[in-house]
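First up is the structure itself, then whatever we jot down about it.
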Amino acid sequence: MTMDAPHDVLHDIPPENAYKTVPPERFIRERLRFASIAEAAHTDRSRPLSYRELERLAWKVLRENAPIPAANFTSMVNRRHGAHPPYSQDLPLATTWDAYHGWTMVMLASAFWRTTIATVPYARRVLLLPHCLRDPAKCPAKFSPRELLCQECGACDLARLRQSAKERGYQVLIAEGSPAVIDLILHGEADALLGVACLDSLEKAFDRVLVAGIPCAAVPLHEATCAHTQTDLDWVQEMLEIPYLPTAPKVTHFLPAIQQSSKLFHTELLDQMLPRHRSAAHPSATTTSATQTNQASNTTATDVEATDPFDRTEQIAIDFLKEGGKHFRPFITLAAYLAARREVTAASRDVREIVRKNRSGGESSEESEIPTMVSATALAVEVFHKASLIHDDIEDADLFRYGRPALHQRYGVPAAINLGDYLIGLGYRLITRQIETVARTPGEQARYLAITAVPGILAEAHIRLAEGQGAEIFYREELPSDLSVTQTLRMYALKTSPAFEAALLAGFRLGFSTSATADVQRFEALRPSLAQFAQAIGVAFQIRNDLDDWKPQQMNKRRAGSDIRGQRPTLLLAMAHERLGENDRQSLDQWLHQTSQNDSSHLVQIRQIYEKANVFELAESLVARYRLRAQQIAAHATFTEPLRSLLLYLTDLLL
């Protein structure tokens, strides 16, 4: 199956009403579950399924399996299980099965990941159970901040499931939602997620779980009543009993890179890569730096003022690295490295060895290990990004970053500018130290050539980003309405795409570091296509950001319409000016000039004008076009399967 495979138009975008009903009859659930297992059996496993692919496959399963008589299904179940269930009624018509779309997605995802889960030892699997399986009136269990502490009193099914999982070595959490479990996986403490939850909770978790490429399986609850719920307990037990088969075929996924990109910002690893020079050496510095940095998210201006002025810049900068962010860019560098290593390893083996690896699902340590040189480069990519955010917040007069006051709001504009400059120096120091380390190692010419190419890649991205940001500043200071759609897209290609391109290029260059001549040639052959891919992704990513600006984002304390408040030129504004008549353009300009950072009263009128110009729909269609362009570039013969899988995965991740 390919990303742009033809499919029924009904498989693409479902109507607004949600398809989140659990089939009430067991025989319907059985039918769709078996069909999902069959569909997943011949689905491409070269990379994780995207959410969109999963949606389309679920529609396919429903359309192909809904309108069959129960008698036919009975014989199928009998053949599969040797059982004789009393199924006599006919199945409902296909049109009534649309409501089971979300439930079918869960079945498909569980079937898709089953063989990969089998390669994960029991001790590296996490079982998430919901406390709504218990009777709250009878349950003696107490809550901790993270989970329900089951007393195993036997009054509900939780104790039996928990005990069954614990006997096999599972990590078990009884908690609502998946954040705690996903954090375990992202922090490298587990490699697979098995869960029982209501269908709505599972669907909300899908975006994060699927995009992260986390091997997962789930059994939905029958109802979402939050108490006295039921589920198919035999399916849960069967899920727990997935055997450990280390040589089973598995999906090629990027969880190692995701886990490593998360670990980079843990206190222990971050302090190792960025040892504190000022605060560690100064006699007035706190000796428990690890404890201090673990509490970075709670650091206040008052706390910082208590430190020596010579230490403050370093302390604030390191703490800011830990404050938040999705860490897309360091992940891209790490994943690009692993993809390049997989290509190099595959190319160096004979056909027999490649076939053996594909059958076993095994992966050599050379393919999965991430050297310090690569981790440091990935960290540097994020350090540069954080520096640009500090400066952007000042230039855009943004009030918040990661749900907290922006640094210039906390410490003043001069200090914030200096902090951004400090991080830039810190990023280059990370790279140069790796160059020095490799230079001292005998016989490392290829690795030396690879790491010495990284500063040039990052510097080029830095220059282009500043050109794009500068264009935005100058247009904002003059007249944002003078910016055309073409000019806006060019500006986006400069201000957003270079960071993604640099992350990709740095990872690939470090991955191709076995044979000096051959690897340089391979990297240079890939470079133009990678630049085109990064441009498509970067522009679409920025357009998506423009669209998201009109949605409330309370978690980050962002208010809808922040671009309008800040008088920033955007694609939506450029589209509106090109499509509106003279009177509407004048009206839009009047509302824009009357809007300020502290005034939202005119956003309703501006939104109405935008809707009249149909800019939201047009922008969405443009994102789709750039997405398709990225997919087409990834499908080009230039890229082998490991690299192609990564680029398609990044398209799903970022867009």
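The values are calculated or read from the model by the stated rules, or taken from the named source; none is laboratory data. Note that the structure is a prediction, hence the values are computed from the model and not measured. Using ideal geometry, Cβ is built from the backbone for each residue, glycine included, and neighbour counts are taken over all protein chains shown. Surface areas here come from the heavy atoms of the whole protein model, side chains and all, with no ligands, DNA or RNA. Shrake-Rupley method; radii C 1.70, N 1.55, O 1.52, S 1.80 Å.
Observations, loosely collected:
- Where helices (runs of 4 or more DSSP H) sit wholly within the range 44-156, those with at least 3 residues that are at pLDDT 80 or above and open to solvent by 10 Å² or more (accessible area, probe 1.4 Å) occupy 51-65, 101-118.
- Residue within the range 557-571 that is at pLDDT 90 or above and crowded, with 18+ Cβ neighbours inside 10 Å present: yes
- Only listed residue being within 25 Å of residue 328 (Cα to Cα) and not in a helix (DSSP H, G or I), chosen from 513, 529: 513
- For the range 422-441, the criterion of being over 30 Å from residue 370 (Cβ atoms) and free of Cβ contacts under 8 Å to residues at least 40 places away in the same chain is satisfied by no residue at all.
- For the range 467-494, a tally of residues being more than 17 Å from residue 397 (Cα to Cα), out of contact with any Leu (no Cβ under 6 Å at 6 or more places or on another chain) and assigned to a helix (DSSP H, G or I) returns 11.
- Looking only at residues of the range 302-324 that are small (Gly, Ala, Ser) and open to solvent by less than 40 Å² (accessible area, probe 1.4 Å), we find that the one that is modelled with the highest pLDDT is 317.
- Top-ranked residue in the range 469-492 [being hydrophobic (A, V, I, L, M, F, W, C) and open to solvent by 20 Å² or more (accessible area, probe 1.4 Å); ranked as farthest from residue 531 (Cα to Cα)]: 479
- Residues of the range 380-403 classified as outside any helix (DSSP H, G or I), open to solvent by 40 Å² or more (accessible area, probe 1.4 Å) and either among the charged types (D, E, K, R) or on the phi > 0 side of the Ramachandran plot (or both), total: 3
- Only residues that are at pLDDT 65 or above and at positive phi were counted in the range 157-194, giving 2.
- Out of 267, 299, 288, sole residue that is open to solvent by 70 Å² or more (accessible area, probe 1.4 Å) and modelled with pLDDT under 80: 288
- Filter result for residue 500 (part of a helix (DSSP H, G or I), hydrophobic (A, V, I, L, M, F, W, C) and either open to solvent by less than 20 Å² (accessible area, probe 1.4 Å) or at pLDDT below 90 (or both)): yes
- For the residues 452, 441, 377, the requirement of being among the polar types (S, T, N, Q), open to solvent by 10 Å² or more (accessible area, probe 1.4 Å) and not in a loop (DSSP other than H, G, I, E, B) singles out 452.
- Under the condition of being part of a loop (DSSP other than H, G, I, E, B) and either aromatic (Phe, Trp, Tyr) or surrounded by fewer than 15 Cβ atoms within 10 Å (Cβ to Cβ) (or both), the residues counted in the range 603-637 number 3.
- Count - residues of the range 232-279 that are over 15 Å from residue 118 (Cα atoms), part of a loop (DSSP other than H, G, I, E, B) and under 29 Å from the mean Cα position of the chain (by Cα): 6
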